[in-house]
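The values are calculated or read from the model by the stated rules, or taken from the named source; none is laboratory data. The shown structure was predicted, so the numbers you read here are calculated from the model rather than taken from an experiment. Glycine also receives a Cβ, built like all others from the backbone with ideal geometry; neighbour counts cover every protein chain displayed. For the accessible areas, the whole protein counts, side chains as well, though only heavy atoms, and no ligand, DNA or RNA atoms are used. Shrake-Rupley method; radii C 1.70, N 1.55, O 1.52, S 1.80 Å.
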Amino acid sequence: EAQVTQNPRYLITVTGKKLTVTCSQNMNHEYMSWYRQDPGLGLRQIYYSMNVEVTDKGDVPEGYKVSRKEKRNFPLILESPSPNQTSLYFCASSLSAGSPLHFGNGTRLTVT
Amino acid sequence: QKEVEQNSGPLSVPEGAIASLNCTYSDRGSQSFFWYRQYSGKSPELIMSIYSNGDKEDGRFTAQLNKASQYVSLLIRDSQPSDSATYLCAVKTIQGAQKLVFGQGTRLTINP
């Protein structure tokens, strides 16, 4: 089944404790992206990747890192999480930039 | 001006009626437009795409595009309670890095 898989679904952590949210797609998509979704602010792009080893900042990249060592994986790294990063995170992929996106199931992160 | 604007709602429609959702965008050169449906706590799922002026129908859904006026709309005929969700409009930008820009979404409630 074609899908985008992200883990974990729920994560509660404390300020400053490094964490990684994994994302994997099995559709051989070139383009992958991370979004956060907050009430009243909609979906905001954090980082995106046009292809392997090619990543770039989205609209809200501060406090996040990503890597794209393989085509299928695009992990999101929070080196020192802060409470303002409490949010619902979505990984998404598409054939190319601007093509319809396929979303993962989301990760609800709480930073205390 | 926001790149993609939607009325956040909530929009309340009686069961069986037509629900009309609207979206305006600022990038006059945009060519690709998408509607996503998002149930509470779930990931967005693509329900319609439209690329040329006019109407595009898919079952109970009709997408309408007017590039001259820079708006795109989604009509849901014979609304069902299961249509209650947030509807996100997404537009592919052509300026800068190509990506999908999302509106904040319109929350739709279908009343039995």
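Measuring how big chain A is from its alpha-carbon positions, Rg and Dmax come out at 13.0, 37 Å. Of the whole protein surface, A:Val14 contributes about 80 Å² of accessible area at a 1.4 Å probe radius.
Can you list the chymotrypsin sites (Phe, Trp or Tyr not before Pro) in the range B:1-108 that are in a DSSP coil and have 15 or fewer other beta carbons within 10 angstrom? Could you put the intermediate results ahead of the total?
Values: sites: B:Tyr25, B:Phe33, B:Phe34, B:Trp35, B:Tyr36, B:Tyr39, B:Tyr51, B:Phe61, B:Tyr71, B:Tyr87, B:Phe102; in loops: B:Tyr39, B:Tyr51.
Here the sparse-neighbourhood loop sites are B:Tyr39, B:Tyr51.
State, in square angstrom and to the nearest 100, the accessible area buried between chains B and A, both chains counted, probe radius 1.4 Å.
On the way: alone 6010 and 6010 Å², together 10580 Å².
By this definition, chains B and A bury close to 1400 Å².
Rounded to whole Å and ordered largest first, report the semi-axes of the equivalent ellipsoid of the range A:61-112 derived from its Cα gyration tensor (root of 5λ).
Values: eigenvalues 104, 37, 17 Å².
Taking √(5λ) for each Cα gyration eigenvalue gives 23, 14, 9 Å.
Near A:Lys65, which lysines are there with a Cα under 20 Å away, not counting those fewer than 8 places off in the same chain? Partners within reach: A:Lys17, A:Lys18, A:Lys57, B:Lys99.
Is the shape of the range A:7-47 rounded, prolate or oblate, going by the alpha carbon gyration tensor and its root eigenvalues a ≥ b ≥ c, with a/c under 1.5 for rounded and a/b larger than b/c for prolate? Working shown, then result.
On the way: a/c = 2.27, a/b = 1.27, b/c = 1.79.
Judged from the Cα gyration tensor, the range A:7-47 comes out oblate (a/c at least 1.5, b/c at or above a/b).
Per residue of A:95-104, other chain Cβ atoms within 10 Å of the residue Cβ number 6 on average.
Translational diffusion coefficient of the range B:1-84 (Stokes-Einstein, Kirkwood radius from Cα pairs, 4 °C, 1.567 mPa s): 95 µm²/s. Ignoring aspartates and glutamates fewer than eight residues from A:Lys71 along the same chain, the ones with Cα atoms less than 19 angstrom from its Cα are A:Glu1, A:Glu30, A:Glu53, A:Asp56.
Measuring max minus min along each principal axis, the C-alpha atoms of the protein assembly as shown give extents of 50, 39, 37 Å (largest first). Can you list the aspartates and glutamates whose alpha carbon is less than 14 Å from that of B:Lys2, not counting same-chain residues fewer than 8 positions off? The qualifying aspartates and glutamates are A:Asp59, B:Asp27. When the solvent-accessible area of the range A:1-47 is split by element, carbon and sulfur atoms take up 52 percent of it, the probe being 1.4 Å.
Please calculate how many Å² of accessible area chain A carries per residue, with a 1.4 Å probe and no DNA, RNA or ligand atoms counted. Mind dumping the intermediate values first?
Numbers: 5290 Å² over 112 residues.
Value for chain A: 47 Å² per residue.
Taking trypsin sites (Lys or Arg not before Pro) across the range A:26-112, the ones in a DSSP loop with at most 14 further Cβ atoms lying within 10 angstrom of their Cβ are A:Lys69.
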